[in-house]
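The structure appears below as structure tokens.
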Amino acid sequence: MMVAKRPSLLLGSLLLLALTAACAPEPGSALSGEPAESTPELTGDTLRVEDAHAIQVPGGGTGAVYLRVVNPTDRDDLLEAVATPAAKVAEVHETVKEGSLVRMRAFPEGMPVPARSVVILEPEGKHVMLMALEKILEPGEEIELELRFREAGPLLVTVPVIDIGS
Ligand SMILES: [Cu+2]
């Protein structure tokens, strides 16, 4: 939830909650948490991608990649495109809830990655959608994913495929 909110320095503490809780935490409690300065992820001096993993969506030629983009620099960046040999089409999407409806929308202008922020792609939130997969993604395999950032340039990451139940 809350995907419409602008990414902020608070995402670091939200991440910890997301990793330890299966269900979404109360947004209010998360937002009143630690000051952003204590976020350990914002070390280093270059934009990077962490904890990337892919899943096969059951019953179709579709998959998803989840990861987090860490931008410890002073420059706002933009994830302009993604590509992988594993799928004919790859796009960054955002899951949006409108009342009881859930739909996905792309980022025609690119996905913003503000300076000194962590942008999290996770189930029911932002994700890299893999459409028209070249083959079924089997747990244990790896796929290559290229992320093209406006400032940081292209970044190639190797993404393990995990079991959807794990
Ligand atoms: Cu999607």
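The values are calculated or read from the model by the stated rules, or taken from the named source; none is laboratory data. Keep in mind the model is a prediction, meaning the values are calculated, not measured. Every residue, glycine as well, gets a Cβ built from its backbone with ideal geometry; the counts of neighbours run over all protein chains shown.
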* Using the structure shown, decide if ALA22 is modelled with pLDDT under 50 and either over 22 Å from VAL96 (Cβ atoms) or assigned to a helix (DSSP H, G or I) (or both). => no
* All but one of (1) within 15 Å of the ligand (Cβ to nearest atom); (2) closer than 17 Å to ILE162 by Cα; (3) part of a strand (DSSP E or B) hold for ALA52, so report the exception by its number. => (1)
* Among the residues of region 147-166, write down those that are exposed (fewer than 13 other Cβ atoms within 10 Å of the Cβ), modelled with pLDDT under 95 and either of a type in the set (S, T, N, Q) or within 16 Å of the ligand (Cβ to nearest atom) (or both). => SER166
* Asked: For region 127-146, how many residues meet the condition of being within 14 Å of the chain's Cα centre (by Cα) and more than 16 Å from the ligand (Cβ to nearest atom)?
  -> 1
* Asked: Hey, any hits in region 65-74 for a residue that's more than 16 Å from the ligand (Cβ to nearest atom), among the polar types (S, T, N, Q) and loosely packed, with under 13 Cβ neighbours inside 10 Å?
  -> no
* To do: Take region 85-110 and flag every residue that is away from the ligand (no atom under 11 Å from the Cβ) and hydroxyl-bearing (Ser, Thr, Tyr).
  => SER100
* How many of the residues making up region 127-146 are in a loop (DSSP other than H, G, I, E, B) and surrounded by 14 or more Cβ atoms within 10 Å (Cβ to Cβ)? -> 3
* Structure fact -> The correct count of residues that are touching a residue at least 60 places away in the same chain (Cβ under 8 Å), of a type outside the set (A, V, I, L, M, F, W, C) and within 22 Å of THR46 (Cβ to Cβ) in region 118-157 is 6
